[in-house]
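Let me begin by presenting the structure, written as structure tokens, before commenting on it.
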Amino acid sequence: MQSEPETVCNVAISFDRCKITSVTCSCGNKDIFYCAHVVALSLYRIRKPDQVKLHLPISETLFQMNRDQLQKFVQYLITVHHTEVLPTAQKLADEILSQNSEINQVHGAPDPTAGASIDDENCWHLDEEQVQEQVKLFLSQGGYHGSGKQLNLLFAKVREMLKMRDSNGARMLTLITEQFMADPRLSLWRQQGTTMTDKYRQLWDELGALWMCIVLNPHCKLEQKVSWLTQLRKWNGMDVCPWEDGNHGNELPNLTNALPQGANANQENLGQCKTLEYQHLPAHKFLEEGESYLTLAVEVALIGLGQQRIMPDGLYAQEKVCRNEEQLISKLQEIELDDTLVKIFRKQAVFLLEGGPYSGLGEVIHRESVPMHTFAKYLFTSLLPHDAELAYKTALRAMRLLVLESTAPSGDLSRPHHIASVVPNRYPRWFTLSHIESQQCELASTMLTAAKGDVRRLETVLESIQKNIHSSSHIFKLAQDAFKIATLMDSLPDITLLKVSLELGLQVFSSFVVIIIEERDFLQCW
């Protein structure tokens, strides 16, 4: 800056096989990242390599000197830096002249300018002490003064390191995790039985996601994985280690604002998406003809979304299941489907419908399996212009919500890849049930809208609604939706949709009548 006096900084950078392995700078700035002076010198070395004179290792230069040259070299070195090196030089001289000294028991002498051996591990310079201090400082601020943003920047740095296959990624994440585990608030929350803050939970989620990236890295060595597994088990065994659901207390946070509800959810997200253009990048090695990184990414996402999985027990874990599903679908919605991707969608939809116990859209699923309403709605809208029959078959299969059923279908037990649902006589504690039912309602509404004018499909969707939706408020909403769709201003009324609206309205009315009669009988008996 012009207002600041010009200062001269002494910078030293050590390289080893195209990596900066250590840095020092006299500016005194302490940070996780390199100071501006180190960056400037690095750029100078990259852009003007001819201006930086290369020297042989100092041990080679000393080897070429005779006795008089060696004595002159040492004396001049001491003269120039006598206040700094004279005590060390005197001490080394005394040890060398002593035959029994430790220094004389070692052959040769170290040479910091010679670099490491080819077999030695080389990695980018990382100031571990500074990483620990910075994370400790951010955590102590409790999410204030932008500390959460700074921690997310650290997480982004770890992701960047993993992308570049920098071994410091795991080192840096280990240091971050150690500071998280040492946070005194963990013990305090556990003793008081109170919940963590939402921001703090999100940081722990990101921490866990990064560890999954590290342990699943196909390029790491077996001994590294064993070491990480040992460390993770050690942390997991500590009393202060947070539970997966992030909740040590009995408080139940309000999920209404935490998860997107109703018809506005995606907007029985899109507005935030950045306009990105995805392209097929061919990868000839190990791939079949016509496959690309994009087709593989989409197929893996569809497999993951359609996989049958049991709803976890914890409140926060259940919320995270819904949130992660919607985030992944939001990413998929950014991709414009072409003929190649439509084939992938068709293939996966068929696999999921016939997939047996591994599929959440299989004929028979566990009673407490995570519902497929949100995913099925995305599949339905994607497949509808290309294969309407498959789209409806997928959506209708996903309408079920077995957790609210007193009995579950037994399925075709003659087929060996199908499993029967285990139906205990109880209702599990699903904290996100209201959100799940709203997604079920959105799926049904989407099918009603698409089926306008098709008598057969409207009757099929109506039967599915009457069978699977148990909430009177959602049935009433669907009756309203059907009426609105049937009486649009720019077209004649759809008689079949009006009948659907009437049927659903009567179902709601009859359920209220039953409740009133039951209450009256109870009061009379009382």
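The values are calculated or read from the model by the stated rules, or taken from the named source; none is laboratory data. Given the structure is predicted, the values throughout are model-derived calculations rather than measurements. As a convention, Cβ positions derive from the backbone with ideal geometry for all residues, glycine included, and neighbour counts pool all protein chains shown. Quick note on the areas: whole protein, heavy atoms, side chains included, nothing else; ligands and nucleic acids left out. Shrake-Rupley method; radii C 1.70, N 1.55, O 1.52, S 1.80 Å.
Scan the helices (runs of 4 or more DSSP H) fully inside region 447-526 and keep the ones with 1 or more residues being at pLDDT 90 or above, out of contact with any helix residue (DSSP H, G or I) (no Cβ under 9 Å at 6 or more places or on another chain) and under 23 Å from His435 (Cβ atoms).
455-468
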Worksheet item: Considering Glu368, Glu336, Glu363, which residue is of a type in the set (Asp, Glu) and closer than 25 Å to Ser434 by Cβ?
Response: Glu368
Response to the item:
Flagged pairs (Cβ under 6 angstrom, 6 or more apart or on separate chains; first in region 93-115, at positive phi; second exposed (fewer than 12 other Cβ atoms within 10 Å of the Cβ)) are none
Item to complete: Look at Asp239 and say whether it is in contact with a helix residue (DSSP H, G or I) (Cβ under 9 Å, 6 or more places away or on another chain), at pLDDT 85 or above and assigned to a loop (DSSP other than H, G, I, E, B).
Response: yes
Worksheet entry | Which numbered condition Val300 misses (of (1) modelled with pLDDT of 95 or more; (2) aliphatic (A, V, I, L, M); (3) open to solvent by 90 Å² or more (accessible area, probe 1.4 Å)) | (1)
Practice prompt. Only residues that are over 15 Å from Glu503 (Cα atoms), open to solvent by 40 Å² or more (accessible area, probe 1.4 Å) and aliphatic (A, V, I, L, M): list them for region 447-477, please.
Written response: Ala450
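In region 308-334, how many residues are among the charged types (D, E, K, R) and open to solvent by less than 50 Å² (accessible area, probe 1.4 Å)?
Initial filter on region 308-334 (among the charged types (D, E, K, R)): 309, 313, 319-320, 323, 325-326, 331, 334.
Going one step further and asking which of them are open to solvent by less than 50 Å² (accessible area, probe 1.4 Å), we end up with 319-320, 325-326, 334.
Qualifying residue count for the region: 5.
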Fill in: Selection within region 377-389 - closer than 18 Å to Arg456 by Cβ and open to solvent by 20 Å² or more (accessible area, probe 1.4 Å)
Leu384, Asp387, Ala388, Glu389
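Take the residues of region 44-73 that are open to solvent by less than 70 Å² (accessible area, probe 1.4 Å) and among the aliphatic types (A, V, I, L, M): which is farthest from His107 (Cα to Cα)?
Pass one, region 44-73, residues open to solvent by less than 70 Å² (accessible area, probe 1.4 Å): 49, 52, 57-59, 61-62, 65, 70.
From what is left, the residues that are among the aliphatic types (A, V, I, L, M) are 52, 58, 62, 65, 70.
Numbers: Val52: 32, Ile58: 17, Leu62: 16, Met65: 19, Leu70: 19 Å.
Among them, the one singled out is Val52.
Checking the structure you have, find out if any residue of region 155-163 is aromatic (Phe, Trp, Tyr) and closer than 28 Å to Lys19 by Cβ.
Let us first name the residues in region 155-163 that are aromatic (Phe, Trp, Tyr), namely 155.
Then drop every residue that is not closer than 28 Å to Lys19 by Cβ, which leaves 155.
Yes, region 155-163 has at least one match.
Could you tell me whether region 367-376 includes any residue that is touching a Pro at 6+ places or on another chain (Cβ under 7 Å), closer than 15 Å to Met311 by Cα and open to solvent by 10 Å² or more (accessible area, probe 1.4 Å)?
Taking region 367-376 as the starting set, the residues that turn out to be touching a Pro at 6+ places or on another chain (Cβ under 7 Å) are 368.
Narrowing the set further to residues that are closer than 15 Å to Met311 by Cα leaves 368.
If we keep only those that are open to solvent by 10 Å² or more (accessible area, probe 1.4 Å) as well, we get 368.
Yes, that holds for at least one residue.
Out of everything in region 345-378 that is touching an Asp or Glu at 6+ places or on another chain (Cβ under 7 Å), modelled with pLDDT of 95 or more and not basic (Lys, Arg), what residue ends up being nearest to Met399 (Cα to Cα)?
First pass over region 345-378, keeping only residues touching an Asp or Glu at 6+ places or on another chain (Cβ under 7 Å): 346, 348, 363, 373-375, 377.
Retained after the next criterion (residues that are modelled with pLDDT of 95 or more): 346, 348, 373-375, 377.
Keeping just the survivors that are not basic (Lys, Arg) gives 348, 373-375.
Values: Gln348: 18, His373: 6, Thr374: 10, Phe375: 11 Å.
Only one residue tops the list, namely His373.
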Worksheet item: Does any residue of region 204-220 turn out to be at pLDDT 80 or above, over 29 Å from Glu326 (Cα atoms) and open to solvent by less than 80 Å² (accessible area, probe 1.4 Å)?
Response: yes
Discussion item. If a residue must be closer than 22 Å to Glu326 by Cα and open to solvent by less than 10 Å² (accessible area, probe 1.4 Å), how many such residues does region 343-366 contain?
Written reply: 6
Practice prompt. Please identify the pairs in which a residue from region 285-310 that is outside the structural domain of Leu332 (by the TED database) and of a type in the set (S, T, N, Q) has its Cβ atom under 9 Å from the Cβ atom of a residue that is modelled with pLDDT of 95 or more and outside any helix (DSSP H, G or I), counting only partners at least 6 apart or on another chain.
Written response: none
